[in-house]
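Q: Have a look at the structure that comes next, please.
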2 protein chains.
Amino acid sequence: MTTNTQSNRRIVLASRPQGAPTAANFQLEETAIPVPAAGQVLLRTEYLSLDPYMRGRMSDGPSYAEPVALGEVMVGGTVSRVEQSMHPDFKVGDRVQGYAGWQDYALSDGTALVKLAPDMQQPSQALGVLGMPGFTAYMGLLDIGQPKAGETLVVAAASGAVGSVVGQIGKILGCRVVGIAGGADKCGYVTDELGFDACIDRRDPDFAAQLASACPNGIDVYYENVGGAVFDAVLPLLNTGARVPVCGLIAHYNDTELPAGPDRLGLLTRTLLVKRIRMQGFIIFDDYAHRYPEFFTQMNQWLQDGRIQFREDIIDGLEQAPEGLIGLLQGHNFGKLIVRV
Amino acid sequence: MTTNTQSNRRIVLASRPQGAPTAANFQLEETAIPVPAAGQVLLRTEYLSLDPYMRGRMSDGPSYAEPVALGEVMVGGTVSRVEQSMHPDFKVGDRVQGYAGWQDYALSDGTALVKLAPDMQQPSQALGVLGMPGFTAYMGLLDIGQPKAGETLVVAAASGAVGSVVGQIGKILGCRVVGIAGGADKCGYVTDELGFDACIDRRDPDFAAQLASACPNGIDVYYENVGGAVFDAVLPLLNTGARVPVCGLIAHYNDTELPAGPDRLGLLTRTLLVKRIRMQGFIIFDDYAHRYPEFFTQMNQWLQDGRIQFREDIIDGLEQAPEGLIGLLQGHNFGKLIVRV
């Protein structure tokens, strides 16, 4: 058991960020590799997923999930190998998707572990197009967005893990799909590689006017992942009967106070009223866990048929995870951000 | 035909209000009684409904319906008698519900006219509990609010035409129902006559604290008819998975500008996200016209069984309609406001 001579590197939450997280909010520790008890497995992390929701877990304000405690390992989805097994359902060498967090090794009693097929070509996809981001894209668009052929679908963060899948599903369904992304590179990728009808650079000074031009028939479905100035440009373009699945608000995650007025809360509710708009937040596994098999089957088929492309932005080394997350919240990643541990 | 010797009094929109409407925005005119052509009927108005949506039609900003043109008769739902008929489907003496507007007489080609039963005990109910307000209450609550037994339903404008019906349906379905109304008289009526579990006076200085106390398990369904300070008190109490049908925003109809900051638009969308809330506007006949028969049958049954009470606030004389609407927007009415013409 050579692994026992090594240590377990883990990254814990050292302090809670005020505004944007910094490297000082994280601490790399080395501990002994844990030993599985009866009914447990020891997991060796291969891939760690970095996702926007992690910013929320670093704060202790009210949210939909418990915050990470100070001194505790940062949460995160992982693909791991079973290194030791004292559990009847897992054997050494099995590859599993789970939530081992930001560390080399973790124990598990098997809860929420999903075995991956031994011949899976690209296991990191279990953290992306076939995992939480892909599932989030699929359910939010289909169940809340309910797009119909010929409608206009606008997708924020269009080159990202969720947005890229949302838009491609929209194309499969026959929508006009307009993406919003940060920078010419990402916009080019969204139209040229992903096949969106248009992609607007949110950094352009005339972004709002460009978006309006790209949506001559207004917006029927807006898949919200961003908020802020992007939503401000979308709001006046929403059509009567529009649907707005609210998946994320990355522009606001580092906010420390409400922006200056005027107060547009009443403007938003009035828009929902007079245009009969449905706006609905969702948390993927809380709301839709029972529909994961349906998603997996369909998405796997689309991947095999080449109808869905998925870009990964892979960084090497667990110690890079803090900078990875900090950059993700600023839009520096290009594709699904994953750490190869 | 004695009526031909009379004139037709009608109230037209004289000017568009800035903020709250005033009597000067309306003008009472007298014209000749119109004469029906082939395929038309002449209607004599018996009852005219006054409703909050009329404020929107007085403005020419973008909304869900065309504004009333300057110099044109104010729109409104009516119960009328057929006084002359050149239409094969209607005979003199038929009582019909339609949209004759603020006037004694109107022509109709039969479009959107609904014949009322000759033995209808209280024809004005066709403008209230069995008409648009009741239908609005029924569909918004059941289709968007989706209340379940044991959940907490909060109803704004609880003594009004829509809110009173919403809350009573909620009680029939087994909800805890908390009303919000303006003044002790209305609150007493809501609990004592309508059977709500509690009713909070929105004018009380500690209104928000009282509402929180009345909702110890939070709010699962909030039927929005008001906006403003009422919604501000509701927002922090909304539970995970709450539903918010947006039927009206009477607190804002006279607004001329957005309120001062901070800007809480992002706060609202964040609340929708982290609590997975569905907030949805609707316009009753645009969204649900096809379900009117289902509503009518059910509501008629509830009325016959004494399970729904409905209060009317009847004022006499067409010339009183402007003051009636002005007062309605300030909450002066107590029950469904109707003009006996």
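Q: Residues being within 7 Å of chain A (Cβ to nearest Cβ), surrounded by fewer than 23 Cβ atoms within 10 Å (Cβ to Cβ) and assigned to a loop (DSSP other than H, G, I, E, B): count how many of those fall in the range B:237-260.
A: 3
Q: Oh, and also: Which residues, counting only those in the range B:244-278, are under 30 Å from residue B:21 (Cβ atoms) and out of contact with any Pro (no Cβ under 8 Å at 6 or more places or on another chain)?
A: Within the range B:244-278, B:244, B:245, B:246, B:247, B:249, B:251, B:252, B:255, B:256, B:264, B:265, B:268 meet the criteria.
Residue-by-condition table, conditions (1) in a loop (DSSP other than H, G, I, E, B); (2) of a type outside the set (A, V, I, L, M, F, W, C):
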residue: B:60; (1), (2): yes, yes
residue: B:65; (1), (2): yes, no
residue: B:69; (1), (2): yes, no
residue: B:80; (1), (2): no, yes
residue: B:83; (1), (2): no, yes
residue: B:88; (1), (2): yes, yes
residue: B:92; (1), (2): yes, no
residue: B:97; (1), (2): no, yes
residue: B:100; (1), (2): yes, no
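Q: If I go through the range A:276-311 residue by residue, how many of them are touching a residue at least 24 places away in the same chain (Cβ under 8 Å) and closer than 25 Å to residue A:250 by Cβ?
A: Going residue by residue through the range A:276-311, those that are touching a residue at least 24 places away in the same chain (Cβ under 8 Å) are A:276-288, A:291-292, A:295-296, A:298-300, A:302-303, A:307-311.
Adding the requirement that they be closer than 25 Å to residue A:250 by Cβ leaves A:277-288, A:291-292, A:295, A:299, A:308-311.
Within the range A:276-311, residues that are touching a residue at least 24 places away in the same chain (Cβ under 8 Å) and closer than 25 Å to residue A:250 by Cβ number 20.
Q: Further question on the same structure: All but one of (1) loosely packed, with under 15 Cβ neighbours inside 10 Å; (2) without any contact (Cβ under 8 Å) to a residue 60 or more places away in the chain; (3) outside the structural domain of residue B:197 (by TED's automatic domain parsing) hold for residue B:87; state the number of the condition that does not hold.
A: (1)
Q: Please enumerate the residues belonging to the range B:327-341 that are more than 13 Å from the chain's Cα centre (by Cα) and touching a residue at least 40 places away in the same chain (Cβ under 8 Å).
A: B:330, B:339, B:340, B:341
Q: Give the residues of the range B:35-67 that are within 14 Å of another protein chain (Cβ to nearest Cβ) and either within 24 Å of residue B:92 (Cβ to Cβ) or in contact with a helix residue (DSSP H, G or I) (Cβ under 6 Å, 6 or more places away or on another chain) (or both), sorted by residue number.
A: B:52, B:63, B:64, B:67
Q: Quick one: would you say residue B:96 is modelled with pLDDT of 95 or more, surrounded by 15 or more Cβ atoms within 10 Å (Cβ to Cβ), within 18 Å of the chain's Cα centre (by Cα) and among the aliphatic types (A, V, I, L, M)? Walk me through how you get there before you give the answer.
A: Working: modelled with pLDDT of 95 or more: yes; surrounded by 15 or more Cβ atoms within 10 Å (Cβ to Cβ): yes; within 18 Å of the chain's Cα centre (by Cα): no; among the aliphatic types (A, V, I, L, M): yes.
It is false that residue B:96 is modelled with pLDDT of 95 or more, surrounded by 15 or more Cβ atoms within 10 Å (Cβ to Cβ), within 18 Å of the chain's Cα centre (by Cα) and among the aliphatic types (A, V, I, L, M).
Q: Turning to a different aspect of this structure: Please state which one of B:77, B:98, B:134, B:93 is in contact with a strand residue (DSSP E or B) (Cβ under 8 Å, 6 or more places away or on another chain), within 20 Å of residue B:164 (Cβ to Cβ) and not β-branched (Val, Ile, Thr).
A: From the options B:77, B:98, B:134, B:93, the qualifying one is B:77.
Q: With respect to residue B:324, is the statement that it is assigned to a helix (DSSP H, G or I) and either at the interface with chain A (Cβ under 7 Å from one of its Cβ atoms) or touching a residue at least 12 places away in the same chain (Cβ under 8 Å) (or both) true?
A: When the stated conditions are applied, residue B:324 passes them.
Q: Exactly one condition in (1) closer than 19 Å to residue A:336 by Cβ; (2) modelled with pLDDT of 95 or more is false for residue A:225; which is it?
A: Only one criterion in (1) closer than 19 Å to residue A:336 by Cβ; (2) modelled with pLDDT of 95 or more is unmet by residue A:225, namely (2).
Q: Tell me yes or no: at least one residue of the range B:38-54 is within 20 Å of residue B:317 (Cβ to Cβ), out of contact with any Gly (no Cβ under 6 Å at 6 or more places or on another chain), in a loop (DSSP other than H, G, I, E, B) and not assigned by TED's automatic domain parsing to the domain that holds residue B:163.
A: Scanning the range B:38-54, I find at least one residue that is within 20 Å of residue B:317 (Cβ to Cβ), out of contact with any Gly (no Cβ under 6 Å at 6 or more places or on another chain), in a loop (DSSP other than H, G, I, E, B) and not assigned by TED's automatic domain parsing to the domain that holds residue B:163, so the answer is yes.
Q: Could you count how many residues in the range A:277-288 are of a type in the set (D, E, K, R) and modelled with pLDDT of 95 or more?
A: The number of residues fulfilling the criteria is 1.
Q: Do any residues in the range A:99-125 that are more than 18 Å from residue A:38 (Cβ to Cβ) have Cβ atoms under 6 Å from those of residues that are part of a strand (DSSP E or B) and hydroxyl-bearing (Ser, Thr, Tyr), where the two are at least six apart or on different chains, and which pairs are they?
A: A:100/A:45; A:100/A:78; A:100/A:80; A:104/A:45; A:124/A:47
Q: Follow-up question, since we're still on this one. Among A:318, A:328, which is the only one that is more than 24 Å from residue A:251 (Cβ to Cβ) and crowded, with 18+ Cβ neighbours inside 10 Å? Talk me through it step by step, then tell me what you get.
A: Working: A:328 fails: more than 24 Å from residue A:251 (Cβ to Cβ).
Selected residue: A:318, the only one of A:318, A:328 that is more than 24 Å from residue A:251 (Cβ to Cβ) and crowded, with 18+ Cβ neighbours inside 10 Å.
Yes/no matrix, rows are residues, columns are (1) within 29 Å of residue B:268 (Cβ to Cβ); (2) exposed (fewer than 13 other Cβ atoms within 10 Å of the Cβ); (3) basic (Lys, Arg); (4) assigned by TED's automatic domain parsing to the domain that holds residue A:336:
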residue: A:16; (1), (2), (3), (4): yes, no, yes, yes
residue: A:31; (1), (2), (3), (4): no, no, no, yes
residue: A:57; (1), (2), (3), (4): yes, no, yes, yes
residue: A:68; (1), (2), (3), (4): yes, no, no, yes
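Q: Considering the range A:261-276 alone, what residues qualify as being within 7 Å of chain B (Cβ to nearest Cβ) and within 23 Å of residue B:233 (Cβ to Cβ)?
A: Matches in the range A:261-276: A:261, A:262, A:263, A:264, A:265, A:266, A:267, A:268, A:269, A:270, A:272, A:273.
Q: I've got another one for you. Can you tell me which residue is farthest from the other protein chains (Cβ to nearest Cβ) among those in the range A:223-234 that are surrounded by 19 or more Cβ atoms within 10 Å (Cβ to Cβ) and not in a strand (DSSP E or B)?
A: A:233
Q: What tally of residues in the range B:45-55 results from selecting those that are buried (at least 23 other Cβ atoms within 10 Å of the Cβ) and among the hydrophobic types (A, V, I, L, M, F, W, C)?
A: Selection size over the range B:45-55: 2.
Q: Same structure, new question: Do you know which residues across the range B:199-234 are under 24 Å from the mean Cα position of the chain (by Cα) and more than 25 Å from residue B:184 (Cβ to Cβ)?
A: B:220, B:221
Q: Let me ask you something else. When residues of the range B:261-283 are filtered for being assigned to a loop (DSSP other than H, G, I, E, B) and closer than 24 Å to residue B:51 by Cα, how many remain?
A: 2
Q: What number of residues in the range B:277-314 are acidic (Asp, Glu) and either within 14 Å of chain A (Cβ to nearest Cβ) or under 30 Å from residue A:62 (Cα atoms) (or both)?
A: The total comes to 2.
The values are calculated or read from the model by the stated rules, or taken from the named source; none is laboratory data. Only a predicted model underlies this, so the values are computations on that prediction, with no experimental measurement involved. Cβ atoms come from the backbone with ideal geometry, glycine included; neighbour counts cover every protein chain shown.
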